[in-house]
Ligand code: C2E
Ligand code: MG
Ligand code: MG
Ligand code: MG
């Protein structure tokens, strides 16, 4: 009996492994056609100034409109490809699309907006990334400062020396760098001081707890002060309530992003909102039925 149980456990184990391997292979193969058939789309989430609610830029967040599986969110496929070269193809595609969006924004007269793009560790640690970005910027005529590259605190800490080298190289192009999901990666203060970044994004898990959790409230105010002492700008992620907004504004945080202002939206919708603003209309905040 024990032997039988052992055997079936073994079988379950291998089937599970096989399933995962197949799944990963499937995602990797599918991703190639996703790119060539333009199934990947960048949604844009506004990043706004806390004093005045002015849109300063957008974070580009990828969505996969799969022909048979429907909408796939980045959390369901990015982690599957982050350990393979597929992430480099996806990442380069996303960079190209973001620069194209910046071109279209400029055509509409929006010269000062920026787009933030998320970079996975394997992608930004690949030699040639800064060349690729330099060529994209030169060919498009987009000022480098309009591109902001987000790297997570966790990914930087894993290979801090290499990451620092890449960040320096990217900074020389004139692009800006943000440390994403700050607070979840346990970086030491001495690293933080040395890393050449411009923007610090406080992770949603801390902003969610302000006003409810004393520790989170202190962490958030301390992180904002720390970033300011280092001369960096702070973005609070995941702002969902007016009370959170007021608290962060009072704490001196410059920028915020979250469902209170807008969920990630398609480019067309973003253009409509911008157009409305030039026409003097107050732009709609959350609850306007934008589900993505
Ligand atoms: P992230 O870079 O930290 O992006 C913020 C995530 O929080 C987004 O989820 C956004 O929709 C969500 N969010 C924003 N405001 C709120 C809020 O008020 N409440 C809640 N509950 N959520 C909010 P999304 O679009 O599902 O993306 C998840 C993650 O996938 C991103 O986290 C990023 O790490 C990754 N990702 C997305 N696009 C790309 C990409 O093009 N390349 C890479 N490498 N990673 C990407
Ligand atoms: Mg991000
Ligand atoms: Mg984040
Ligand atoms: Mg995140």
Handout entry: The lone exception for residue 186 - which of (1) modelled with pLDDT under 95; (2) in contact with a helix residue (DSSP H, G or I) (Cβ under 6 Å, 6 or more places away or on another chain); (3) within 16 Å of ligand 4 (Cβ to nearest atom) it fails
Key = (2)
Practice task
For residue 84, state whether it is modelled with pLDDT under 95 and within 16 Å of ligand 4 (Cβ to nearest atom).
Solution key: no
Fill in the blank from the handout: Scanning the range 264-280 for residues that are at pLDDT 95 or above and in a loop (DSSP other than H, G, I, E, B), the one farthest from the chain's Cα centre (by Cα) turns out to be 266
Exercise for the section: Kindly indicate which of 258, 238 is in contact with a strand residue (DSSP E or B) (Cβ under 8 Å, 6 or more places away or on another chain) and on the phi > 0 side of the Ramachandran plot. Expected result: 258
Practice task
Kindly indicate the residue of the range 229-253 that is more than 16 Å from residue 46 (Cβ to Cβ) and in a loop (DSSP other than H, G, I, E, B) and also nearest to the chain's Cα centre (by Cα) among those meeting that condition.
Solution key: 232
Completion exercise
The one condition residue 150 fails out of (1) in a helix (DSSP H, G or I); (2) touching a strand residue (DSSP E or B) at 6+ places or on another chain (Cβ under 6 Å) is (1)
Practice task
Please state which one of 119, 148, 129, 170 is buried (at least 20 other Cβ atoms within 10 Å of the Cβ), touching a helix residue (DSSP H, G or I) at 6+ places or on another chain (Cβ under 8 Å), touching a residue at least 24 places away in the same chain (Cβ under 8 Å) and closer than 24 Å to residue 264 by Cα.
Solution key: 119
Fill in the blank from the handout: Here the residues within the range 158-196 that are assigned to a helix (DSSP H, G or I), within 17 Å of residue 129 (Cβ to Cβ) and in contact with a strand residue (DSSP E or B) (Cβ under 9 Å, 6 or more places away or on another chain) are 163, 166, 167, 170, 171, 173
Completion exercise
Taking the range 171-195 and keeping only residues that are away from ligand 2 (no atom under 16 Å from the Cβ) and closer than 23 Å to residue 58 by Cβ, one is left with 171, 173, 174
Exercise for the section: State yes or no: is residue 203 more than 13 Å from ligand 1 (Cβ to nearest atom) and closer than 25 Å to residue 249 by Cα? Expected result: no
Fill in the blank from the handout: Residue count, the range 43-65, condition away from ligand 1 (no atom under 15 Å from the Cβ), on the phi < 0 side of the Ramachandran plot and exposed (fewer than 15 other Cβ atoms within 10 Å of the Cβ), comes to 3
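The values are calculated or read from the model by the stated rules, or taken from the named source; none is laboratory data. Keep in mind that this is a model prediction, so the values were computed, not measured. Glycine gets a Cβ as well: all are built from the backbone with ideal geometry, and neighbour counts include every protein chain shown.
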